[in-house]
1. Looking at the structure I just gave you, is N459 over 30 Å from Y360 (Cβ atoms), open to solvent by 50 Å² or more (accessible area, probe 1.4 Å) and assigned to a loop (DSSP other than H, G, I, E, B)?
2. Working only within the stretch 195-209, note down all residues that are open to solvent by less than 30 Å² (accessible area, probe 1.4 Å), part of a strand (DSSP E or B), of a type outside the set (G, A, S) and farther than 17 Å from Y238 by Cα.
3. Kindly establish whether V884 is open to solvent by 40 Å² or more (accessible area, probe 1.4 Å) and outside any loop (DSSP other than H, G, I, E, B).
4. Which condition does L754 not pass, out of (1) surrounded by fewer than 17 Cβ atoms within 10 Å (Cβ to Cβ); (2) over 60 Å from the mean Cα position of the chain (by Cα), if it passes all the others?
5. So if I check each of K242, K313, which one is within 30 Å of Q195 (Cβ to Cβ) and either within 51 Å of the chain's Cα centre (by Cα) or among the basic types (K, R) (or both)?
6. Restricting to the stretch 266-281, name every residue that is hydroxyl-bearing (S, T, Y) and open to solvent by less than 10 Å² (accessible area, probe 1.4 Å).
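The values are calculated or read from the model by the stated rules, or taken from the named source; none is laboratory data. Please read these numbers as outputs of a predicted model, since none were measured by experiment. Virtual Cβ from ideal backbone geometry, glycine too; neighbours counted across all protein chains shown. Each accessible area value is taken on the protein alone, full model and side chains, heavy atoms only, with ligands, DNA and RNA left out. Shrake-Rupley method; radii C 1.70, N 1.55, O 1.52, S 1.80 Å.
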Amino acid sequence: MSRPMMKLTACSSGNPMNLLAKVLLSGIILTFLFYSTPESYAQSLSNTDLTTINVDDFSDEQLLNYVRQAQNSGYTQSQLEAFARQRGMPESEIVKLRRRVEQLGVVTGSDQQLDQGQMLAGRTIPIQSEDEIFGRLVSPEAFEVPTEEEEKIFGFSLFRSENLNFTPNLNIPTPKNYVLGPGDEIVVDLWGATQQYWSLKVSPEGSVRPEDLSPVYVNGLTIEAAEKKIINRLSQVYGGLKSSNGQEPTIFYQVSLGNIRTINVTIVGEVNSPGNYALNSLSSVFTALHAAGGPEKDGTFRSVKLMRDNKLKAEIDLYDFLVDGIRPNDELLRDGDVVIVKLYHAKVEVEGEVKRPGIYEFKEGEKFSDLLKYAGGFGSEAFKSFITVWRNGNSGRQILNVTLEDFDKVELQDGDNVVVRTIDNQYNNRVLIEGAVFLEGEYQLTEGLTVRQLIEKANGPKGSAYMTRGTIYRMRDDFSQETIPFDLGRVLSGADEDILLQREDRVKISSIYDLNEEFYVEIIGEVARSGVYNFFERMTVEDLIILAGGLAQGASGASVEISRRNKEGAEDRLSEIITMDIDESLNLANGSGIFIQPFDQIYIRRTQNYNIQQQVKVEGEVMSPGVYSLSRKDERISDIITRAQGLTKYAYPEGAILIRKTEFAEKLTDSEVNLEKLDELRKKIEADTSDNFNQARRELFERLGEIEEDIKRRKAQKEEAVGLRVTRELTQEIVASDSISSDEELPEEEPTILDLNEILSNPGSKYDFIMREGDVISIPPKLETVRVAGEVISPLNVRYDASMTFKDYINESGGFTSNAKKGRSYVQYPNGRRRQTRRFLFFKFFPKVEPGSTILVSRKPERPGINLQSIIAATGSVATLALVIDRLSN
């Protein structure tokens, strides 16, 4: 009685009995640990009883040590097996020890060490490289980069992929149809009433010899047929292998394949690397093709032939695998087989809207439907009614249009170029509706569809629909267009005949707003959000002011103007002006209830004397420095100094300076100032972490939440005063035209020279400037030094001495350098005023020096040296001038 085949480990030594040898060897070493030579082992085995050994008493580490020591002793497996059984080692303990060693994954002698993941429950072969399995293979580096034509060939890259190699699966039970030959190894395992294990190698004569019995001829037999012959022969010794007298067998068996042989296969024809290949005996035709690199561009994929004993054994169509993933006729190879790849029979190229464009080989009799299957079918946008074929005829090129009905009838020809077109954007059953309906869009043109039915499908007209007219835009057969008007109200009510729609008709339902200008109104001036707003029927000025966020504080007591487009007025009138006033409560005092008309412009004027606070700053040596708010438009420097309680006794009025913003400084509008203050309040509330955050403060914080976005919006929409913009642009033009100062940046602040002593002595005089917003008056303390800089030997600060002159300070600094331009020296006083050195004849008059002054000595400009070229040029110019004078005089 047999059972399903168990898999046994076949190692590279070619003898699966090594596993039993190491088991027996381990058991023997348990007793003879102290012997280290084969002779000492033999002597000990002859005098030792192993019947009482218990494998469970030993740890894994002890077993590993025993196995290694036995390996070093040099015993053969047959000697160890005979010795162990001679001394009475129980078969059960041998089996136990075998399992223990299998779990440890250790081999002895010439066996390789298997990883624990490879110790499978059945026959396994140690994992080998491709070279070990197939012999000489074509490496990926040997392939040339495929040409554009080769990349189009369907299946060309199949056998050139590193990820697909058709390696035989060696971790499965031996195929029943596997044919044995010389070099194969047969494993026979008996258990039950007896325990036996043989590894039988098929001899060159094709036979095996189990248990010293007569040879059993197995060459050319399948593993299943060989099993029957071997068991029949062993049953002559082991009667328990077969049932007798109605009793079940007492010995069970398994016959399986151990190591497999190597076969020689020849691959010829149109392949990448034809030649002889050494493959294992489980290899198939696909394995051989991969070893040779697959068919070349002119090789066939449809008729790969396997020749055996000079006869055709199988013919393989590789498209079966490429298209359906099956491998019919993929026979196992035998020694001496020949795989031949001939030239292709015929090819066609498929382009356009198919899922897999490319070059395809076809067999005789195949139709366009077969080609379409290989190409993966039509693409999603393919025109399927017919395909275009460019064909080589006997006398020239031809064009065929193959309709869908003829796909199964028209045969392919070599060289055909098949093009599948893309479907155009024209619809066969589409109508469109747009405009004042609830569901605009495209609809299916059903048989008998009319305008009224289409409008009903679109959920009917909107309230804004223009009921007296609709339009159908129709495309004629010659692609010209025509319009068909209709009365929408009468068609819907049935008073007019309904209109039958055609393919690609476009129905337009106009809105009353499409036929008029889009109405709007505009509000400008003292409101929170000035700008353009939608027009509403019966809208009043109060309604528009509410939309604009309400009146600003500056609108109190001011007037409102409405500018209305002139429709029927006099010829010289541009617009109609309507005025009304705003009372102290920011309500319209008269004109309330006037309805706004489309395109009205409403101007909210500012109260004449309304202004927000304007601030200036006083710093330095005054009794009360700080920020001051201007009280009058004509408030002067002397007024501000008086409000600051005058100068301190340490003040140096001669050095006072006024810093004033230029036209390039950013100026905030009243609304922007208010928004920034409110934003500051919002941030302060946000930073407050105390618990006294009552409901009023929460509501205030929520109201202020939109302030930041409002600031950004106003800055983006800001328009500066025209006069200020023109002044700035003129200044920029002047600076740009000056080649010296063109690269200078225009400052936002500039100093202004003051004569503070004159201002305080004569308030209101021409020296007493009227203050502007943002002005800063800076009054320094008394200064005691004079700074000397520029082209002097030692620039430094010198103590001020009223008795010292300009030249004295120069001398204190070591005198002029050789590059100094003495006539361009000047003094800059603390208040910004400058005085330059003056000349009269041969005399120089240097300016007076005051405390805190800076003496600056200019540098001579560099002059280019005189060279021969410049001398020649000058001489030529003089000669030319002399010639001109001579001619004129004559």
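1. In short, yes.
2. L200, V208
3. yes
4. Here L754 clears every test but (1).
5. On the way: K313 fails: within 30 Å of Q195 (Cβ to Cβ).
One residue alone meets the criteria, K242.
6. Once the filter is applied, which keeps residues that are hydroxyl-bearing (S, T, Y) and open to solvent by less than 10 Å² (accessible area, probe 1.4 Å), the stretch 266-281 yields Y277, S281.
Yes/no per residue for (1) open to solvent by less than 90 Å² (accessible area, probe 1.4 Å); (2) in a strand (DSSP E or B); (3) at pLDDT below 90:
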| site | (1), (2), (3) |
| --- | --- |
| Y360 | yes, yes, no |
| K373 | no, no, no |
| G376 | yes, no, no |
| K384 | no, no, yes |
| V389 | yes, yes, no |
| S395 | no, no, yes |
| D408 | no, no, yes |
| V419 | yes, yes, no |
| L432 | yes, yes, no |
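Residues are listed down the side, and each one gets a yes or a no for (1) under 24 Å from Y610 (Cα atoms); (2) touching a helix residue (DSSP H, G or I) at 6+ places or on another chain (Cβ under 6 Å); (3) touching a residue at least 40 places away in the same chain (Cβ under 8 Å):
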residue: R503; (1), (2), (3): no, no, yes
residue: I512; (1), (2), (3): no, no, yes
residue: N516; (1), (2), (3): no, no, no
residue: G525; (1), (2), (3): yes, no, yes
residue: N534; (1), (2), (3): no, no, no
residue: E537; (1), (2), (3): no, no, no
residue: I546; (1), (2), (3): yes, no, no
residue: G550; (1), (2), (3): yes, no, no
